[in-house]
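S.K.: Sending over a structure as structure tokens; questions will come in a sec.
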Amino acid sequence: MPALVVFQRRWRIGSDDLVIPGVIEIIIRTAWLGLLVSLMVQHEVDTSRCSSGSYLLRLYLLGAVILLVVTILITVLMSWHSARGTIMETSPRKRVSHLIVSRVMLGIPEVAWNILGTIWISTGNIQCEPDSPLPMLMRAVVLYTWVAIVFIGGGILLLFDPMKRPGVVEAGTLEPNYIQQWEKRCRILCCARSLDENSAEAFRNIADVFASLFETNDLVASDVAAALVLLRLQRKAEEEQEETFRRNNLHLPISRASTASIGALQDEGSLPHQQSPRPEWMKVGSAYHFMKFALASYGWPWFVYGHICSSICKLWPFITCCSCCRNVTGAVEEDNCCQCHTAAVKAITGLTRDNFTFITFHNTIHEVPFFVALDDESENIVVAIRGTLSLHDAITDLNAVSAAVKGEGVPEGWTAHKGVVEAAYSVRRRLENTRALQEALTARPGYGIVITGHSLGAGAAVVLAALLRPQYPALKCFAFSPPGGLCSKDFALATQKYVMSVVVGDDLVPRLSMNSIHDLRHKITCVLHTCPQPKFRVLARGCWYMLFGISSSHLHSSSSIESPAIDRPLLQGSANTCTYESVEDVRINFSEGTGNSCSASPPRHTETPLHPPGRILYCFPSLPIEDRLDGCVGEWEFTWCEVREFTNILISPFMVRHHLPEVVLCALREAAALAAQDAEP
């Protein structure tokens, strides 16, 4: 719903966000009211225990009780009105703003009364017997009241939104002040003060991207959280429908890559399609082998994460103690004193120091660590680029505007993610300045070249491969969990010849692009408009699902939120019993059912759609044992998918976990074993 407006200012909450905080405040203040009443009763039973100031004590307690009673009554009314209506139906909650004003105004006498009580107690106007608990309890009452006032004041400061709604100067152009406010906010979050021109441009681009995402929607954080719960329910229902369809139609394979429609922002004609047979070298086993190099590029942090109990023992043989004080040979840049990053690289890849011609862990905005290795097992020179691991990398990721890919032999018109393009340029410069690639080819003549990486590193590897391919036509690239908004259509089509991408499960990043984000924004607006339930019930159910999962009864029962007597589902149409002629009918059911109830304004930064690169190997979790119809083994299966399967963000509890490099490596290990089993005669 629209953000709450009180005192002619916009706040970061909605009028329906006060139910749960109000209930908590009512419980606490009711308990405190009981304590004050008991103090009054104890004092009135024996007033002689206080030699002086007895009437002041009585007056303070009586005033505090009256203020508490009035506060509780106003909070009850505020919570009750806040619970009325649906998420986007604001008229039943029109009195909430007036109640908030009353509650804030009541804070003035509350503060004044507490100041008066503090003065009376601290100046000794109230004197009681030493064995009487009244003085200590009175100090506790005053202290609690001050703590409550501080918390309420801090909450008001946190909930205040200094950013006004943006105004449009020209068609599609926001007010410069609105973008500058976002830039200032991004710099504060990143603790960035003085910046070079490269970093300053990155922050300007990031601010423009965020401004474009929030320019039309007047939603608060809890609205988005509720929408994600609803979208998760919708996807869970679609998953069950697809599995049911598979059980009834054995000849049609299931595709778990996307359970949503393409959406209004991209039509299928604008997506790159496979136009040639898949190259023979694109094999699951090869992807598993080179994923080890992509994982190794992260250094010791991810190695420790994957070997929590045995990391020290496994790293110790490769560590070079006090290397900063010793003359250690080898082209290693900006590692720590014990070269822990390099030790992790050697431990994961199984290579020795002689197998590396260059290793750097230098990391700033648009500059990522990488290494060049001689892989005698596959007879390839491997350039492995690290993915996102630092705040600098996150800034590079967020610089998501389109930029031209320029290089000798690169066709004109190719565009890609600007942050990734700049990162690829930096890697190419380092390779040229250090001659690491030429030295590796000299040391191993006849070896091929493989460029690999994970996440941000995968995107940089794809662009670097495009830049180097005119010089090395046989070059290959393995991109693991690459960014979804990476390549323009022509660029993505060209990469199908030399790039093999791997996507695992519900991974968010390969589905993340400006188009998919705007599509998700549109779906959030739609699902909020169609939800018949109040927000606090949706969020309460979301907490329940997070702890105990989503059962089938919650998907198909109409009483999953309200009482059994009320026949209203959480999601309109989520519990339908329609039959479907194809899997596509299942995918478009939701968008057809909600597309007419809301509209989306034309988004910015979507003029040039960006897509995942190369041929895409999709690894997905196996179905439960009782539902397996084809005798699959292991925890992961795989299939080859097209780009259209990754145009929508999937709301899932695994959307972040499936992006972790350890999970990608595990999935590829299982998939490689399955592929080897299928290849056996």
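None of the figures in this text is laboratory data; all of them are computed from the coordinates on show. Values in this document were obtained by computation on a predicted structure and should not be read as measured data. Reconstructed Cβ throughout: ideal geometry from the backbone, glycine too, with neighbour counts over all protein chains shown.
S.K.: Using all Cα-Cα distances in region 330-381, what percent lands in each 10 angstrom bin from 0 up to the longest?
M.R.: For region 330-381, the pair-distance distribution reads 23, 56, 20, 2.
S.K.: Given a Förster distance of 30 Å, report the FRET efficiency between E412 and E662 from their Cβ-Cβ distance, rounded to the nearest 0.05.
M.R.: 0.15
S.K.: Taking the highest mean first, how do the peptides 234-242, 446-454 order by number of other beta carbon atoms within 10 angstrom per residue?
M.R.: Final packing ranking: 446-454, 234-242.
S.K.: If you take every residue apart from P279 with its C-beta less than 11 Å away from the C-beta of P279, what net charge results, scoring Lys and Arg +1 and Asp and Glu -1?
M.R.: +4
S.K.: Ranked highest first by the average count of other Cβ atoms within 10 Å around their residues, in what order do 113-119, 665-671, 312-318 fall?
M.R.: 665-671, 113-119, 312-318
S.K.: Listed highest first by mean packing, meaning other Cβ atoms within 10 Å per residue, what order do 91-102, 218-229 come in?
M.R.: Sorting 91-102, 218-229 by mean packing, highest first, produces 218-229, 91-102.
S.K.: Right, another one. What are the residues whose amide H is under 5 Å from the amide H of I616, where those residues sit 5 or more places off or on another chain and H is modelled from the backbone?
M.R.: Under 5 Å from the amide H of I616: S501, C641.
S.K.: K236: which lysines have alpha carbons under 17 Å from its alpha carbon, excluding same-chain residues fewer than 8 sequence positions away?
M.R.: Counting by Cα, and skipping residues close in sequence, K236 has these lysines nearby: K523.
S.K.: Something else: Under 19 Å Cα-Cα from K476, which lysines qualify once same-chain neighbours fewer than 8 residues away are excluded?
M.R.: K476 reaches K283, K292, K497.
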